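To keep things clear, I will list the structure first and then write my remarks on it.
The values are calculated or read from the model by the stated rules, or taken from the named source; none is laboratory data. Since the model is a prediction, treat every value here as computed from it, not as a measurement. Ideal geometry is used to build each Cβ from the backbone, glycine not excepted, and the neighbour counts take in all protein chains shown.
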Amino acid sequence: MNHADPALGLPADDGGALDMLTMLQFADSFFPSGATSFSWGLESLRHDARVSNAEQVFEVLCAHIEQRWAGFDRPLMHAAREAWVQRGAAALSDAIELDRLCEAMNLTRSWRDASRRLGFTQLRVHADLGQGIAQVYLDQVRASGLPGHLPVVQGLVWGAYGLSAAGCDAMASSGLCTTVVGAALRLGLIGHTEGQRLLTRTRPLIARVMAAPPCPVDALWSGAPVLDLAAMRHEPRAARLFAN
C-alpha cells in the first residue's frame, strides 16, 4: 500500500505504517470474522478427554499450524494473493479454480463448512468496507454457488489491499491460533494468562513455517488425522458450544 490517508495525516510514502495498521485491524479479534463460532476440533477433543490442560492445547495448536495450515491453507492463500499481484482483477478466474480445488480436497465436512462460512463472512465484511474485488467475488459466490473458501478469499482480498506475503502469513496463522486459544478459554481448559503464553510459544513454530516457501498447489497436503477425526465426531453431537 503506497497511498496516503488524509484523515490520518500519513505521508504518501509511509506504506509500512499503513500496512501495519491494516494488518492490526484485520487480524484483531474485534474484526467481525465469525471465527469465534469454531473450536477447530478442540471441543470434541475435550469431550473425548483427549485434551484437558494447556500443554495438550499447545499440541493442538502445533498440529493445526504444522500439519494442516502449512501444507493446505497457506499454499492456497499464497496462490490467490500471487494471482492478484500478477494479474489484478483478472485473477478472479484463478481464484475460482483455487476455490474449487480447495472444495475438492477438503474431505472433512466440518472443516469444509467452516472454511466456506468464514470465507463468505470475510467477503461480506470487506465488501461492506468498500473493497471492490470482495464485492465482485461475493456476487460470484451468491450467483453461482462457488464455495468461497477462507484461504482463497484471504489471499485475494488481502492481496488487493497490497499486503505482503509475509503479512498474510502472519495474519492467517496468528488468527487461527487466537481462535483455538479463545475456544480453550471458553471451554475452561486454560486461563487468560496461560492463553497468552501459548500464543507466545507458537511464534517460533510459525516463523519456521513462514521461512519455507509454500508448496505448489498441485502438491497440497494435510496430515492431521486426529484433528480430522475430532471434527467428524463433533458433527453428530447434539449438545455443543461450537460449530466444529
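Annotations for the structure displayed:
- L187 under 26 Å from G119 (Cβ atoms), in contact with a Lys or Arg (Cβ under 6 Å, 6 or more places away or on another chain), surrounded by fewer than 20 Cβ atoms within 10 Å (Cβ to Cβ) and among the aliphatic types (A, V, I, L, M): yes
- Within the span defined as the range 112-129, one or more residues are modelled with pLDDT of 95 or more, part of a helix (DSSP H, G or I), over 17 Å from the mean Cα position of the chain (by Cα) and surrounded by fewer than 16 Cβ atoms within 10 Å (Cβ to Cβ).
- Flag for L176 being under 20 Å from A80 (Cβ atoms) and either buried (at least 20 other Cβ atoms within 10 Å of the Cβ) or of a type in the set (A, V, I, L, M) (or both): yes
- Pairing each residue of the range 16-43 that is in a loop (DSSP other than H, G, I, E, B) with any residue that is among the aromatic types (F, W, Y), provided the two are 6+ apart or on different chains, yields C-beta distances under 6 Å for F38/F242; S39/F242.
- Residues considered: A134, A207, A170. Of these, the only one that is under 25 Å from Q25 (Cα atoms), in a helix (DSSP H, G or I), out of contact with any helix residue (DSSP H, G or I) (no Cβ under 8 Å at 6 or more places or on another chain) and hydrophobic (A, V, I, L, M, F, W, C) is A207.
- Among the residues listed as A207, A170, the single one being more than 23 Å from L98 (Cα to Cα), at pLDDT 95 or above, among the aliphatic types (A, V, I, L, M) and surrounded by fewer than 19 Cβ atoms within 10 Å (Cβ to Cβ): A207
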